[in-house]
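Notes for the one structure printed next.
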Amino acid sequence: MIEWDRVVPLIEMEDISKIYPVGDELIYALHDVSLRIYDDEYTAIMGPSGSGKSTLMNMIGCLDTPSEGTYTLDGHPVQDLSEDELARVRNRQVGFVFQTFNLLPRLSAWGNVELPLIYGGVGRKERHARVEETLVTVGLADRMTHRPNQLSGGQRQRVAIARALVTRPNLILADEPTGNLDSATGQEILEQFAEIHRAGATVILVTHEEGVAQRAERILRMRDGRIERDEKVR
């Protein structure tokens, strides 16, 4: 594991395993993973299909819980939290961006971005100010009222990014965010993540593309549920 200069990690995992029983056999999606990621880092997670990279991202984002080991997020142990407590952590501290965008088709760009603030109990005036500011930030000032089917793939991914940012989380997780985009649009989206990182967010991006991973500061290379290599890119 790389030794970093910073003292208190944002993410600290110790001997994390995720185990699924299949018949009489136990399948390890993650196997004794130990990991530290600090504030303001930009990390890519790489590996072949079945290597555990998406399982690790789900664990980091509190979408899943470990079978074994301990996980501390921003100084707070999360492996024993209730479902309601995990939902609050996801809403307040983590922004998610997915390959398939996961937008609600009947809602406009504005409505999709506003949704996590409604769930978080943010008042109407503040909600509207945040949604407008965030959509402008991702370059969609003229697309706020458009529904997903009226937007290009790149614009839909920008809506998804705005939805991730609007709660002002300190951690952004992206799972193959350029996977459904052409190469030129993918580069635009990667530049958006670079801007998010420059603004101070911690970004973790799952990818199978070497060129995408090289945009990060650090690459975790996974195989068979383990971190095979931990590389500092720059």
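Every number here is computed from the coordinates shown, using simple stated rules; none is lab data. Small disclaimer: the values here were computed from a predicted structure and weren't measured. Reconstructed Cβ throughout: ideal geometry from the backbone, glycine too, with neighbour counts over all protein chains shown.
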### Task
Report, in deg cm²/dmol and to the nearest 500, the calculated mean residue ellipticity at 222 nm for the chain, where each DSSP H run with n ≥ 4 adds -39500 (n - 2.57) and the sum is divided by the residue count.
-10000 deg cm²/dmol
### Task
Quote to one decimal, in nm, the extra length available between residue 87 and residue 152 on full extension: 0.36 nm per residue of separation minus the C-alpha distance between them.
20.4 nm
### Task
Starting from the Cα-Cα distance between residue 49 and residue 141, subtract it from 0.36 nm times their residue separation and give me the gain in nm to one decimal.
29.4 nm
### Task
Enumerate the lysines that residue 53 could reach by cross-link, defined here as Cα to Cα under 23 Å, with residues fewer than 8 away along the same chain left out.
18, 232
### Task
Take the Cβ-Cβ distance between residue 24 and residue 68 as r, set R0 to 22 Å, and report the resulting FRET efficiency rounded to the nearest 0.05.
0.70
### Task
Would you look at the GNM of the chain, springs on alpha carbons closer than 10 Å, and say which of 58, 112, 149 moves the most?
149
### Task
Under 14 Å from the Cβ of residue 85, count the other residues' Cβ atoms, weight Lys and Arg +1, Asp and Glu -1, and hand me the total.
-1
### Query
From the square roots a ≥ b ≥ c of the eigenvalues of the alpha-carbon gyration tensor of the range 57-209, which class results: rounded (a/c under 1.5), prolate (a/b over b/c), or oblate?
oblate
### Message
Restricting to bridges with both residues inside the chain, how much of the DSSP beta-bridge set is antiparallel, in percent to the nearest 5?
### Response
55
### Query
Efficiency by 1/(1 + (r/R0)^6): what FRET value for residue 184 and residue 217, r their Cβ-Cβ distance, R0 = 25 Å, to the nearest 0.05?
0.55
### Message
Taking the Cα centroid of the range 29-81 and of the range 161-183, what is the distance between the two, rounded to the nearest whole Å?
### Response
17
### Query
Quick one: 144, 46, fewest Cβ neighbours within 10 Å first, how do they rank?
144, 46
### Query
Treating the beta-carbon of each Lys and Arg as +1 and of each Asp and Glu as -1, no other charges, what is the dipole magnitude of the chain about its Cα centre, to the nearest 20 debye?
1060
### Query
At a Förster distance of 22 Å, what's the computed FRET efficiency of residue 234 paired with residue 199, Cβ-Cβ distance as r, to 0.05?
0.75
